[in-house]
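Here, each number is a calculation from the coordinates, and none is a lab measurement. Here the structure is a predicted model, which means the values were calculated and not measured. Cβ placement follows ideal geometry from the backbone for every residue including glycine, while neighbour counts extend to all protein chains displayed.
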Amino acid sequence: MNIKSQNFDIIVAGAGMGGLSAATILAKKGYSVLLLEASHLAGGCSSSYYRKGYIFESGATTLIGFDEHQPLNELEKLVDLQIPKEPITPPMKVHLNGKQITRWKDKNRWVREVIRHFGEEKEQEQFWELIFQISDVVWKAALQNKTFPPKKLSEWFHLFRNDLSDVWILPYAFNSVKQTASEIGISNPEFYRFLDEQLMITAQAYSEETPFLFGAPALSYTNSTNYYVPGGLIEMVKVLLSRFEDLGGVFLNREAVQSIEKRNGSYHVYAGKDNTYRANVVISNLPVWNMADLTQGKIANYFSGESKKYDKAWGAFTMGIVTDDIYPEVMPIHHQIHISPEEKVMGMDSDSLFVSFSKRGDRARAKNGNRVLSVSTHSSPEPWFDPTLDYNKAKHAVEEQIKEILKDKLPRFSQAGIKLLFSSTPVSWSKWVYRKKGRVGGIPQNMSRSLLDWTPAETPFEGLFLCGDTVFPGQGIPGVTLSGINVSYRVDKYLKNLRQN
Ligand SMILES: Cc1cc2nc3c(=O)[nH]c(=O)nc-3n(C[C@H](O)[C@H](O)[C@H](O)COP(=O)(O)OP(=O)(O)OC[C@H]3O[C@@H](n4cnc5c(N)ncnc54)[C@H](O)[C@@H]3O)c2cc1C
C-alpha cells in the first residue's frame, strides 16, 4: 500500500486488541494514526486463522466486556461501533472429578449450583456476595481511573477525587483469594481446586497467589454476559479495523517494527523493509519483554529493568480440531476439564484443559455436520526452546495425551471422527505473534506485585506509551481493551498539551 506521508501524530506498534482499540479511539479524536502489524492478520492472540475451509480461533475464545461499566461497551460508545456478537448461555461447564458444574450467568442460580456441588452453604453465599460486590466496584472504578497506576502528583489527586465510598475494597489487594475464602470458613479442598483452575484461565495464577481484588472480577467472569462472535473473533477485529480505516487511520500489515528511536524531538520508527515513519507519539502494543530489542540506550535499559521484574509468564499449548458434530443437543460452548497429575506429560503445566466449540450452525467456521474445537492448556515456554528437546516427539506426545483426555472426559468426543488437527507450542506462538519466548496471556496476577508496581502506560520517555496485556490492567480481551482506552486518554492529553506549548 502506498501511503501519502511518512509523518503521523501517532504510530501504534502491534494490532492486537490493545493497539487496535487505542488506534481507533485516537483516529476518532481526529489524530493521524499509523498502525503497524508484523503479521498478515490483525488481532494477535484474539484472532482467527483459516485452514482447509475451516476457521480456527488463534488463542482467545471466550468474550465478555459489553455489560455496563465494562471496557468493550465503552469502546463501542467511544468509536460509534457495534461489534457483531451473540450472547451465549450458560457460559461454561466445568468437569471436575465426575462432577459437571454449570457456570450459570444468573448469580443466584450460580450460588445454588456451587452449594449443590461443594456444600458449606452460608460460607459460599458470603464468599460469592463479596465477589459480586467487589467485581462491580472494580469494573466501575477501572473505567473512571484512566490514569491508574498514577505517575504524577496530579494523577494521585484525581484518584482520590473519585467516589471515596469505594475505598473499602482496597484491603482486598493485599488478601489472596485463598486467604479470603478460608477466612470466610470455606474448607472443601475440591472447591479450592475448582477456584485454582478458574483463576488460571482468567488471572494466570492460583488462588494462593491472586489478590482478591483481581480474583473477584476474574471469578465472576461467567456472571457477565458472555458472547460468541459468528465467524470467529477475527470478525470482531475486522469490524474494528475497518472502523479505524474509515476514520482515516492507516493500517499496514506484514510491516514489523524493527526499531524505535527518538531524534530531534520526534520518534523515528523503522519497519518492514527499510521504511521509516515519524510521529510525536509511539504507542507500543508489544509485550514489555520485546521492547529492549527494539530500542537503544536509556530506553532499552528501562525495558530490560521492567522485563526483569516480571520474568515469569505462561505459554500455551493450543490445538484446533475439526470433528463430526455428534455432540449433545444442549451443550455449552466452553468447557474446562480438570486433569489429574498422572494424566499430564511434559508441556502440560496446568491441571485443566480448556475446550471451546464453534457454535452449531456457524457455517463460516465449519461445514454442515462438523464442529471446530479449540483446546488450550498452560505450558511453560522454556522447555520448548531447549535445543536438546526432541521437539516433534514432545509435541506429538502432548497431542496424543490431550486426545486421550478428551475421549475420556468430553461427552461424545470418543465417537466423533477427527477430520483435521493442528497444534501449536510456545515456539509456534513466538513465530505467530512475535511475543518473546512465546509468552502469552499477560503477566500472572501476583500477591508480591503491588498495584502501584505495574509497568505504567506512560513511560519515563516523553511521547512513548504502552498498552496490552503486560501493562496495567491488561488481562484478556476486556483488560487489553481497557489498557487501550486508558492509553488513548493519556496520549490525547499529552498531544493537546504539546500543541498548546
Ligand atoms: C491460548 C490463549 C487463550 C486465551 N483465552 C482467552 C479468552 O478466552 N478470553 C480472553 O478475553 N482472553 C484470552 N486470552 C488472552 C488474550 O487473548 C490476550 O491477553 C489479548 O488478546 C492480548 O492482546 P494484546 O493486544 O495485549 O497483544 P497481542 O494480541 O499479542 O497483540 C500484539 C500484536 O503485535 C504484533 N507484533 C508483535 N511484534 C511486532 C512488531 N515488532 N511490529 C509490529 N507488530 C508486532 C503481533 O503480531 C500482535 O498482532 C487467551 C490467550 C491465549 C494465548
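Work out the FRET efficiency for Ser182 and Met331 from their Cβ-Cβ distance, taking R0 = 35 Å, and round it to the nearest 0.05. E between Ser182 and Met331, to the nearest 0.05, is 0.55.
Could you pull out the trypsin sites (Lys or Arg not before Pro) across the range 247-282 that fall in loop regions by DSSP (anything but H, G, I, E, B) with no more than 14 other Cβ atoms inside 10 Å? The partial results should precede the final answer.
Values: sites: Arg254, Lys262, Arg263, Lys273, Arg278; in loops: Arg254, Lys273.
When the trypsin sites (Lys or Arg not before Pro) of the range 247-282 are filtered for loop state and at most 14 Cβ neighbours within 10 Å, Arg254, Lys273 remain.
Only lysines eight or more places from Lys309 in sequence, or on another chain, were considered; those with a Cα closer than 21 Å are Lys151, Lys298, Lys436, Lys437. Put the Cα centre of the range 182-253 next to the Cα centre of the range 1-36 and the gap is 26 Å.
Quick one: order Val167, Val372 by neighbouring beta-carbon count within 10 Å, fewest to most. It would help to have the intermediate numbers written out before the result.
Values: Val167 12, Val372 26.
Fewest-to-most ranking of Val167, Val372: Val167, Val372.
Legend: ranking of residues Ser356, Ser284, Ser21 from fewest to most surrounding C-beta atoms inside 10 Å; resulting order Ser356, Ser284, Ser21.
Maximal additional length on extending the Glu462-Gln133 stretch stands at 114.6 nm, based on 0.36 nm per residue less the C-alpha distance.
Taking the number of other C-beta atoms within 10 Å as the exposure measure, put Met200, Met346 in order starting with the fewest.
Numbers: Met200 25, Met346 14.
Ascending Cβ contact count within 10 Å gives the list Met346, Met200.
Provide the gained length on full extension for the span Phe385 to Ser259, in nm with one decimal, where the gain is 0.36 nm per separating residue minus the Cα-Cα distance.
42.9 nm
Distance between the modelled labels on Tyr50 and Glu245, one decimal in nanometres: 1.4 nm (7 Å Cα→Cβ projection).
Counting other Cβ atoms within 10 Å of each Cβ, which chymotrypsin sites (Phe, Trp or Tyr not before Pro) in the range 366-472 have at most 10 and sit in a DSSP loop? Walk me through the numbers before you get to the answer.
Values: sites: Trp384, Phe385, Tyr391, Phe413, Phe422, Trp429, Trp432, Tyr434, Trp454, Phe461, Phe465; in loops: Phe385, Tyr434, Trp454, Phe461.
When the chymotrypsin sites (Phe, Trp or Tyr not before Pro) of the range 366-472 are filtered for loop state and at most 10 Cβ neighbours within 10 Å, nothing remains.
For the range 314-438, the convex hull spanned by the alpha carbon atoms encloses 107 Å³ per residue. Per-residue ellipticity at 222 nm computed for the chain from its helices equals -11000 deg cm²/dmol, with DSSP H segments shorter than 4 residues left out and the rest contributing -39,500 (n - 2.57). Overall form of the range 46-154: oblate. Here a/c, set by the Cα gyration tensor axes a ≥ b ≥ c, is 1.5 or more, and a/b is not larger than b/c. Each label point was placed 7 Å from the Cα along the Cα-to-Cβ direction; for His40 and Gln296 their separation is 3.4 nm. Of all lysines in the structure, the ones whose alpha carbon falls short of 18 Å from that of Lys122, not counting any fewer than 8 places away in one chain, are Lys107, Lys178.
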